[in-house]
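Asker: This is the structure, below, for whatever I ask next.
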């Protein structure tokens, strides 16, 4: 793609990076073939190629975003299926991030939309605030029909039951026997409130196989939520807090990996090095790069570093594996969880059209309800085709989204791996 940025514009590292990515694009349109929103709407501007043109036009010509441009950029799920498809290696993730940042800096959203995004930005990264909101929502659910459509959707997605975690809060979880490795675990923000069993299972399976687990308890969100809302300053504040806290742990003892059991968070952690590559603080650049290199999805780590001791099961199950977009497209982690589950002796089935998003996508199902519901409908229809006993997924957002559209139980992959290696059977199965 031809670009016409000025020398002055290219002095900005963000613009320079975007210009380099744009030049890789050859206009082929193969990205549209796997873009969920293009598949549904059939509008060129609701596909990656169209959005790339919109973002290029805004940034290259120093244009303020228009309502139309914002509408099409907001409809992007950041599923990154286009990056898997692209034959030219266009890093759409970094282009859409730049576009969102530009919109947040130069566009004033309508009052309701602006404040709704601010509320989500405040509540979701704070576990205790989210828990409080959940209890309040439980009281108002009977009156939800009186609310505007967008708020009604949010209320329907908000859980009202919050399980208690198995493990007490502490900084180190040690195995009973010899320690063979040490890892840091990101326990997440929303996840540890609505599904603490995911972190419990992660700690259990690691401890059972001789891995010591460290947790920086003072941290909450990885920064992804604000990052994808275009709230650059808030996101970077979380990034820096995480980088410094984990770097301090790494400085005290050898750490083999920083493990993530929420794939959306993992995609962002692995991008810390890029995000801070032009930062003036040399030490922060070094730390960010180190954190990105250590970041691994839990199944990625287990598959490569641990020989799991599977326990024979009385029954063989048909398990549908839903490959979260942030995992298969964002992190290129797809075969690892499937191979681990197959080692359990169960029948592991991939979902037809599994490359297409379920509609969760962080806050997407809260802000773009109509599109999210259509994508959920299509995902559930494809799951039903293979008639599984239950569904496995590696992302809490996908689990929450899909659970609203099907009666088939859905659990985190690590819960199943914990069960199949001697842990308790997940309560939802």
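The values are calculated or read from the model by the stated rules, or taken from the named source; none is laboratory data. Values in this document were obtained by computation on a predicted structure and should not be read as measured data. Every residue, glycine among them, receives a Cβ derived from its backbone with ideal geometry; neighbour counts consider all protein chains shown.
Asker: Checking residue 49 against (1) more than 28 Å from residue 223 (Cβ to Cβ); (2) surrounded by fewer than 18 Cβ atoms within 10 Å (Cβ to Cβ), which test does it fail?
Answerer: (2)
Asker: For residue 37, only one of the following conditions fails: (1) touching a residue at least 60 places away in the same chain (Cβ under 8 Å); (2) at positive phi. What is its number?
Answerer: (2)
Asker: Quick one: which helices (runs of 4 or more DSSP H) sit completely within region 235-304 and have at least 2 residues that are in contact (Cβ under 8 Å) with a residue 40 or more places away in the chain? Steps first, please.
Answerer: On the way: elements: 263-269, 272-275, 282-294.
Ranges flagged: 263-269, 282-294.
Asker: Being outside the structural domain of residue 360 (by TED's automatic domain parsing), surrounded by fewer than 18 Cβ atoms within 10 Å (Cβ to Cβ), over 25 Å from the mean Cα position of the chain (by Cα) and under 21 Å from residue 13 (Cβ atoms) narrows it down to one of 68, 63, so name that one. Break it down stepwise before answering.
Answerer: Numbers: 68 fails: under 21 Å from residue 13 (Cβ atoms).
Answer to the check: 63.
Asker: Okay, next question. Could you list, in sequence order, the residues of region 367-390 that are out of contact with any helix residue (DSSP H, G or I) (no Cβ under 8 Å at 6 or more places or on another chain) and either within 18 Å of residue 348 (Cβ to Cβ) or outside the structural domain of residue 324 (by TED's automatic domain parsing) (or both)?
Answerer: Hits for region 367-390 are 382, 384, 385, 386, 387, 388, 389, 390.
Asker: Taking residue 190 as the residue in question, decide whether it is modelled with pLDDT under 90 and either under 22 Å from the mean Cα position of the chain (by Cα) or outside the structural domain of residue 36 (by TED's automatic domain parsing) (or both). So that I can check it myself, show each step before the final result.
Answerer: On the way: modelled with pLDDT under 90: yes; either under 22 Å from the mean Cα position of the chain (by Cα) or outside the structural domain of residue 36 (by TED's automatic domain parsing) (or both): yes.
Answer is yes for this residue.
Asker: Checking residue 56 against (1) touching a residue at least 24 places away in the same chain (Cβ under 8 Å); (2) surrounded by fewer than 18 Cβ atoms within 10 Å (Cβ to Cβ), which single condition isn't satisfied?
Answerer: With respect to (1) touching a residue at least 24 places away in the same chain (Cβ under 8 Å); (2) surrounded by fewer than 18 Cβ atoms within 10 Å (Cβ to Cβ), residue 56 is out only on (2).
Asker: For the condition in contact with a strand residue (DSSP E or B) (Cβ under 8 Å, 6 or more places away or on another chain) and within 25 Å of residue 203 (Cβ to Cβ), what is the one hit in 253, 241?
Answerer: Details: 241 fails: in contact with a strand residue (DSSP E or B) (Cβ under 8 Å, 6 or more places away or on another chain).
Step by step, each of 253, 241 is checked, and only 253 is in contact with a strand residue (DSSP E or B) (Cβ under 8 Å, 6 or more places away or on another chain) and within 25 Å of residue 203 (Cβ to Cβ).
Asker: When you go through 221, 250 one by one, which is the residue that is outside the structural domain of residue 101 (by TED's automatic domain parsing) and at pLDDT 95 or above?
Answerer: Numbers: 221 fails: at pLDDT 95 or above.
Just a single option satisfies the conditions, and that option is 250.
Asker: The conditions are (1) within 22 Å of residue 167 (Cβ to Cβ); (2) in contact with a helix residue (DSSP H, G or I) (Cβ under 6 Å, 6 or more places away or on another chain); (3) outside any helix (DSSP H, G or I), and residue 230 fails exactly one of them. Which is it?
Answerer: Here residue 230 meets the rest and fails (1).
Asker: So which residues in region 177-203 are touching a residue at least 40 places away in the same chain (Cβ under 8 Å), over 22 Å from residue 245 (Cα atoms) and part of a loop (DSSP other than H, G, I, E, B), if there are any at all?
Answerer: 195
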